[in-house]
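Report on the following structure.
The numbers here are math on the coordinates, done by the rules we state, and not lab data. Given the structure is predicted, the values throughout are model-derived calculations rather than measurements. Neighbour counts are summed over all protein chains in view; Cβ atoms, including those assigned to glycine, are modelled from backbone coordinates with ideal geometry.
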Amino acid sequence: MPIVILRLPNVKQKTETRPQECPYCSGETFQRWGKVRKPVRDNRYRSVRVYRYRCCSCQRTFRHYPEGVDRADQTQRLRKLVALGWVLGMSLRGVMTFVSAFGVRVSHMTVWRDLQEQAKMLEKRRRWQPVRVLGVDGVYPLGKGRKRPVLIAVDLGTGQPVAIGKVDESNPQAVKRWLEPLVKHLGVSVIVTDDLASFRVVAEKLEVEHQVCQFHVRRWVGRTLYELRETVPKEWLWVLDEVGVLLSELPPEGSHRLFELWKQIPERQVGQSGERPPLVRLRYLLIRLSEHWENYRVFAWHNDVPWTNNGTEQAIGRMKIRSRTVRGYKSWQGMWAAFYLTGSGVVW
Ligand SMILES: [Zn+2]
């Protein structure tokens, strides 16, 4: 269940403090230089009092705004309220109606600009927060008809969105180009992804540890075992059982054991009409699991590494909740904003 914490900025009607330093020269002594009444758009105030000051060092004058107010005519609180309404599923026009309940009129373009501004703020903040364990996953919700691939990255320590890009997850070069700066700047040491070959290649190149989401592995292995159960000769059914047990317990010696099983199954099978015989499939399954075993168990020696990519999928789920209400994302900008705004659990 998503948790919504409302932390709206405070807005004061007049300044209670004197300026700390001159915005032009960093001077620290000022003269009061008159006051003005600034009309604002806010859920509570219609105007605020702004004092002007003159810097004693450089003689320039400037406005000293009260808390929650800046050069914009909407207060910081109203801008956040607007973004919040959108995150909670309202359309741009719905948000206009929502704030009109507070006696404030904004255009839908203003709503749109507010969203972009809030999302940009969050994106910028992410760039300075180190991330140790990064969840990466592909989403395909952009555009109608020909859907364009999008990749997202989530901090699995905090569940916060980190980055979103127009990247095809099956293309290792593209994934590497996108992930490399994140890994370097944020200090990522583990990535968690699903079982796609491209992620394996990239993790190796970037020298990060790689946990493969066990939900995905169990899904495809479960399906394969189910199919093999119908087709492999009866005397090999015990191997399928043992693979199932290994996968549910993930013991450290699993790789070795799978390799042993692989060696026991006869290599050459008489294939019928080019079809891959069941025992060949089984051998392939065994060697693949054996080779990737270490990537299934990274979580076993790192307390902060989850064994699934659930945290990333939750972020995608929150984006989808938002997108359903407006029948999918029509633009990259909308999707980008939704990723940062909804993905933050509305705490920003
Ligand atoms: Zn100055």
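Using R0 = 22 Å, the C-beta based FRET efficiency linking Asn10 and Lys35 works out to 0.60. Going by neighbour counts of Cβ atoms within 10 Å, the residues Phe259, Phe299 line up, fewest first, as Phe259, Phe299. Put simply, the stretch 73-156 fits an ellipsoid with semi-axes of 29, 19, 10 Å; these come from the alpha carbon gyration tensor as the roots of five times its eigenvalues, largest first.
Going by a ≥ b ≥ c, the root eigenvalues of the Cα gyration tensor, does the stretch 226-271 fall in the rounded group (a/c under 1.5), the prolate group (a/b larger than b/c) or the oblate group?
Because a/c hits 1.5 or more and a/b fails to exceed b/c, the stretch 226-271 counts as oblate.
Annotation note: trypsin sites (Lys or Arg not before Pro) in the stretch 46-109 located in DSSP loop regions with a Cβ neighbour count of at most 15 within 10 Å are Arg46, Arg60, Arg71, Arg105. Within a straight-line Cα-Cα reach of under 21 Å, Lys38 can be paired with the following lysines, leaving aside sequence neighbours fewer than 8 residues apart in one chain: Lys12, Lys14, Lys80. About its Cα centre, the chain has a charge dipole of approximately 3080 debye under the convention of +1 per Lys or Arg Cβ and -1 per Asp or Glu Cβ, with nothing else charged.
Principal axis extents of the C-alpha atoms in the chain (largest first, rounded to whole Å): 94, 42, 31. With a cut-off of 19 Å on the backbone N, the residues of the stretch 300-314 near the modelled label site 7 Å out from Ser248 along Cα-Cβ are 307-308.
Between Gln118, Ala101, Pro181, the Cα set farthest toward the positive side of the dipole of the stretch 34-193 (charges on each charged residue's Cβ, about the Cα centre) is that of Ala101.
Using 0.36 nm per residue of separation minus the Cα-Cα distance, give me the extension gain between Val201 and Tyr24 in nm, one decimal. Mind dumping the intermediate values first?
Working: separation 177, 0.36 × 177 = 63.72 nm, distance 5.07 nm.
Result for the pair: 58.7 nm of gain on full extension.
In the stretch 32-148, taking the dipole from charged Cβ atoms about the Cα centre, the farthest positive-side position among Ala72, Val36, Gly85 is held by Val36. Assuming charge only on the beta carbon of Lys and Arg (+1) and of Asp and Glu (-1), the dipole of the stretch 57-116 about its Cα centre is about 100 debye to the nearest 20.
Backbone amide hydrogens, once placed in the peptide plane, bring Gln160 within less than 5 Å of Asp155, excluding anything fewer than 5 places away on its chain. Strictly over 25 Å apart at the Cα level, which of Lys166/Lys205; Lys166/Lys330; Lys124/Lys205; Lys166/Lys320 would you flag in this model? Cα-Cα > 25 Å for Lys124/Lys205; rest within. Placing unit charges on the Cβ atoms of the charged side chains and taking the dipole of the chain about its Cα centre, the candidate lying farthest along the positive direction among Gln160, Val11, Pro233 is Val11. In the chain, the calculated helix contribution to ellipticity at 222 nm averages -14500 deg cm²/dmol per residue, counting -39,500 (n - 2.57) for every DSSP H run with n ≥ 4. Helix 278-296 versus the longest principal axis of the chain: what angle, 0 to 90°, nearest 10, using Cα atoms? Around 40 degrees separate the two axes. The label-point distance for Arg127 and Ser170, in a model that sets each label 7 Å from Cα toward Cβ, rounds to 3.3 nm. Assign one of three labels to the stretch 20-120, namely rounded, prolate or oblate, based on the Cα gyration tensor with a ≥ b ≥ c the square roots of its eigenvalues; rounded applies when a/c is under 1.5, prolate when it is not and a/b is larger than b/c, and oblate otherwise. Prolate shape, in that a/c is at least 1.5 and a/b is the bigger ratio. Unpaired Cys in the chain, meaning no second Cys C-beta under 4.7 Å: Cys56, Cys213.
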